1. Roughly what angle does helix B:180-197 make with the longest principal axis of chain B, taking Cα atoms, 0 to 90 degrees, to the nearest 10?
2. First check a/c for the stretch B:22-265, with a ≥ b ≥ c the square roots of the eigenvalues of its C-alpha gyration tensor; if it is under 1.5, answer rounded, and if not, answer prolate when a/b is larger than b/c or oblate otherwise.
3. When the Cα atoms of the protein assembly as shown are enclosed in a convex hull and the volume is divided per residue, what value in Å³ results?
4. Just the Cα atoms of the stretch B:135-266: what Rg and Dmax do they give in Å?
5. Answer rounded, prolate or oblate for the stretch A:143-213, using the Cα gyration tensor with square roots of eigenvalues a ≥ b ≥ c: rounded when a/c is under 1.5, else prolate when a/b is larger than b/c, else oblate.
6. In deg cm²/dmol, rounded to 500, what helix-only [θ] at 222 nm does chain B give when every DSSP H run of at least 4 residues adds -39500 (n - 2.57) and the total is split over its residues?
7. What does the extension gain come out to for residue A:117 and residue A:1, with contour length at 0.36 nm per residue minus their alpha carbon separation?
8. Report the Cα-based extents of the stretch A:14-137 along its three principal axes, largest first, to the nearest Å.
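Each value in this text was obtained by applying a stated rule to the coordinates, not by laboratory testing. None of these values were measured; they are calculated from a predicted model. Positions of Cβ are generated from backbone atoms using ideal geometry, with glycine treated the same way; all protein chains shown enter the neighbour counts.
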């Protein structure tokens, strides 16, 4: 069964733009991206939209639908009433290039600032040995598809452009947590997380977790454990003393 | 210069948020609950009365342990550690500092407070009203990193509450007894312990700080147990908030003589 859906789509570029109204055919079983594609095919051939897999695994079609950061390919049309106006805008934390496409290079810059996995100096490649139980905690974080919806919704940079320089955002603090929890990583991630990547900015309001299409518990399993590890180092004299006299490795 | 979602280069959209759902409802509801609890607890700790039911040995959790010479007779079942407090100082000052500190620095309540009381942000993708934001890096918010110390305190007070719970199996004639108050006290105890053990700091302390679980199998088991409780920490936080209020209100009512306890045994 199909109907004419009411859509408001932001059209424009970095010089300006506006929300434009469209009526587009919507069919049973479709997602927002299907309708945006039909809009592009039938009414607005010049509309820019980034997409790839249409299966929620490539992280390309991130946008804001009725104000909430979502993947367009994972947002089903049957979650809206037939007479409801569906507003689609680009992510509002990053500079817009055109229409629904944003410049997410901020994230690639932040990714480059995190040093790669660093094994202990006395362990050679090929000699890495670890138990499954030691790595499975951080495997959750490897489900990340880098859609950057968590970055988009994080108020630290969404509402404060000036914080972009000193805050890497939930996606990359999660990457640091992943490395810090790795049994063979020997780099000092905790100091870097706090001093260089702005972990202290995070006030654990859990919006990153709320919007994650992979349902990664970013706040509970990555950011809060990382905050506690930083607290061990920076704010807890008892743990500091314990580490000094500890006999077994953590 | 415009900042936030209106910053130069971003899509220029007049509306600060385009959310169409009732995003304001959850922070409003939580804010009202938190405000009610803060007002209730403040009023109660300054009342300095109606916290002990001598007939059944019920002691409200807000006044436990009652360890000053000012406490009514019988309520100091852990002994008298301090002399008389001035009238304007709550007997339960230490209890209040530890338990309010535990909840105030708790990760769940931080989320709830930031959203409902400070609007930082009130809801996801809804702009916050503040011009600048420094997070938990500066005083006083940097002190929230001391949550683990309040957790240790909450563990001690949790054990004291268990002792109070055992004392509450007290009959009118001095022997064993069970009343509705006993059940309420124990329901509150279960809620408090679920809240305390599901805490993020607890999860970190029992094993979360380890890099190699395989070298610490016992701590891994503790961590696995706490990790099962942890996703419900928010639920336990709010449930225990209500059970504390209800338990205190019930004991206050009994102590004031507004109604009598429903007794099942003795």
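1. Here the helix axis deviates by roughly 40 degrees.
2. Note, shape of the stretch B:22-265 comes out prolate.
3. 194
4. Expressed in Å, the Cα Rg and Dmax of the stretch B:135-266 come to 18.7, 58.
5. Cα axes put the stretch A:143-213 in the oblate bin.
6. After summing the helix terms and dividing by residue count, I get -15500 deg cm²/dmol.
7. Stretched out fully, the residue A:117 to residue A:1 stretch lengthens by 36.6 nm.
8. Sorted largest first, the three principal extents are 64, 36, 23 Å.
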